[in-house]
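Working notes for the structure below.
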Amino acid sequence: MNILDMTAVSLGAAIKEKKVSVQEAVEAVLARIEEKEEEYHCYVTVDREGAVARAERVQKLIDAGEFTGPLAGVPVAIKDNMCTEGLLTTCSSRILYNFIPTFSSEAVLNLQKAGAVILGKTNMDEFAMGSTTETSAFGVTRNPWNPGHVPGGSSGGSAAAVAAKECFYALGSDTGGSIRQPASFCGVVGLKPTYGTVSRYGLIAYGSSLDQIGPLCKDVTDCAVIMEAIASHDAKDSTSVKRDDTDFSSALVEDVKGMKIGIPRDYFGEGLDGEVRNAVLAAAQVLKDRGALVEEFDLSLVEYAIPAYYTIAAAEASSNLERFDGIKYGYRAEGCEGLHDMYRKSRSEGFGPEVKRRIMLGSFVLSSGYYDAYYLKALRVKALIKKAFDEAFAKYDVILGPVAPTTAPKLGASLSDPIKMYLGDIYTIAVNLAGLPGLSMPCGLDAKGLPIGIQLIGDCFQEKKLIQTAYTYERARGIFEMPKGMAAGEAASVEKAAGNAPENKDASCERREA
């Protein structure tokens, strides 16, 4: 088998059995990046030198018996909002165009302890604000299934890198669907764990009460094994949860007999594309044929999730992004007259339009006179949404539905209408508001040959039920992969998306070598 066709787990096994060396795996994927990166632009930074040096060290430690885990020697890509010591971390924003952290995020450290080789940092929507990876200051990422379409966002670079075989798996972050939606658009598996399962230490925050790190990978087995590596209690993160049930690979069992699966009627109303609807219901039928009890139910408050989410997320973003002021690190405007002028110019020039929009919205809902009317009301809605899910999980083991109303839109189609882009998150954001785990996996293709994803939602700390359900469906569905020549179906658009590319040469749209 071609090295690039392997899953993360199968490559790890081949390395352990000395069928493949770590150096061979790293060189193969670096060659793939060199071949395809200009077309897809999955990365902001590729650390070629660091990856080659790390591969040599890891191989020696594997040979010495110090690295024995299933991911030892397997190359991984990291979303560019997770700090990596000595390696550029930009959040795909001009304001952090030159930021090199002095420490690594806990999730990255956990992967390094497992023997992973970091290839580089993937492109994303600026500060994770967006659903298409078009708001990046370093240019758009294109969907490997069809380069004329978006890969989703904000973890679009990570999802596209996995789909394009420019890495074997990747880490993403999910604030309102930013792992699950790009996983759906790019035909890969993505898991947003229960809030607190993976440490947020070193993750540059967007919405602190919503953000969670998770894997993007080729199949459900990879998903379970990666989760075992990155899940840990961390005293440095006050929201981190100590769990004793993180043996996620034990849930790789092909059995859903007697499992109760609920399908929310609210998720199948107006606005859902017919092809997506049919594919998701067909997937539900597959699970029903294998013994699951599948029924429809009413999940209330769905229409209130989007306003509640964007109120809370924007409020937290306006607070979290206050630290980027041109003083401590990152971009600083020139020719300023006084401190306040420097603040104003640095933030005006450093932040993109979508980030500014959300900062202003967040500042407004937190301001005197509007705090009670908007922010507190949104928090009450959040509590009601959690209550609605609690009532649903009293009856069902898993909730099944679509990930997004449509398949991947064309490049440029979403940026012109931000409200439409926000509405595209309708099926994913409630999971973050309630702190629940959600898994996205491919279930078919639409008439244009673009992937369709299903979303499995579980109760808090019930990732194993999601993995078992997903694994059963995956085994029944069979291998899901891109047909040869599929990505050549439509020429990539080279038009710039709404002024994303900054003029500053240091923050150009070109991929950077570390």
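The values are calculated or read from the model by the stated rules, or taken from the named source; none is laboratory data. Keep in mind it's a predicted model, so treat the numbers as computed, not measured. Neighbour counts run over all protein chains shown; Cβ positions are idealised from the backbone, glycine included. Accessible surface areas use protein heavy atoms only, side chains included; no ligands, DNA or RNA. Shrake-Rupley method; radii C 1.70, N 1.55, O 1.52, S 1.80 Å.
Of all residues in the range 415-436, those satisfying the criterion of being assigned to a helix (DSSP H, G or I) and not β-branched (Val, Ile, Thr) are Pro418, Lys420, Met421, Tyr422, Leu423, Ala430, Asn432, Leu433. Considering only the range 265-274, I want to know if a residue exists there that is open to solvent by 50 Å² or more (accessible area, probe 1.4 Å), within 24 Å of Glu391 (Cα to Cα) and part of a helix (DSSP H, G or I). Yes, some residue in the range 265-274 is open to solvent by 50 Å² or more (accessible area, probe 1.4 Å), within 24 Å of Glu391 (Cα to Cα) and part of a helix (DSSP H, G or I).
Results for (1) of a type in the set (A, V, I, L, M, F, W, C); (2) within 30 Å of Arg265 (Cβ to Cβ), shown as yes or no for each residue.
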site	(1), (2)
Gly362	no, no
Ser368	no, no
Tyr374	no, yes
Lys382	no, yes
Ile385	yes, yes
Phe389	yes, yes
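Of the helices (runs of 4 or more DSSP H) that lie entirely inside the range 1-87, those containing 1 or more residues that are open to solvent by less than 30 Å² (accessible area, probe 1.4 Å) and among the acidic types (Asp, Glu) span 22-40.
The set of residues from the range 440-477 being of a type in the set (D, E, K, R), open to solvent by 10 Å² or more (accessible area, probe 1.4 Å) and either under 26 Å from Ala394 (Cα atoms) or in a helix (DSSP H, G or I) (or both) comprises Asp459, Lys464, Lys465, Glu474, Arg475, Arg477.
Counting only residues that are open to solvent by 60 Å² or more (accessible area, probe 1.4 Å), touching a Leu at 6+ places or on another chain (Cβ under 9 Å) and either over 30 Å from Gly453 (Cβ atoms) or in a loop (DSSP other than H, G, I, E, B) (or both), the range 360-407 holds 2 of them. Against the list (1) surrounded by fewer than 22 Cβ atoms within 10 Å (Cβ to Cβ); (2) within 30 Å of Cys443 (Cβ to Cβ), the condition Asp325 fails is (2). All of (1) more than 11 Å from the chain's Cα centre (by Cα); (2) under 23 Å from Ala404 (Cβ atoms); (3) hydrophobic (A, V, I, L, M, F, W, C) hold for Leu111 with one exception: (2).
Residue-by-condition table, conditions (1) under 14 Å from Gly196 (Cβ atoms); (2) under 21 Å from the mean Cα position of the chain (by Cα):
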position	(1), (2)
Ile226	no, yes
Ala235	yes, no
Arg243	yes, no
Ser250	no, no
Glu254	no, no
Ile261	no, no
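Scoring Asp211 on the criteria (1) in contact with a strand residue (DSSP E or B) (Cβ under 8 Å, 6 or more places away or on another chain); (2) among the charged types (D, E, K, R); (3) open to solvent by 30 Å² or more (accessible area, probe 1.4 Å) leaves a single failure, condition (3).
Would you mind finding the one in Ser346, Ser300, Ser250 that is assigned to a helix (DSSP H, G or I) and open to solvent by 20 Å² or more (accessible area, probe 1.4 Å)? Within the list Ser346, Ser300, Ser250, the selection yields Ser250. Regarding Lys356, is this residue modelled with pLDDT under 95, within 30 Å of Glu126 (Cα to Cα), open to solvent by 30 Å² or more (accessible area, probe 1.4 Å) and among the basic types (Lys, Arg)? Criteria not met by Lys356.
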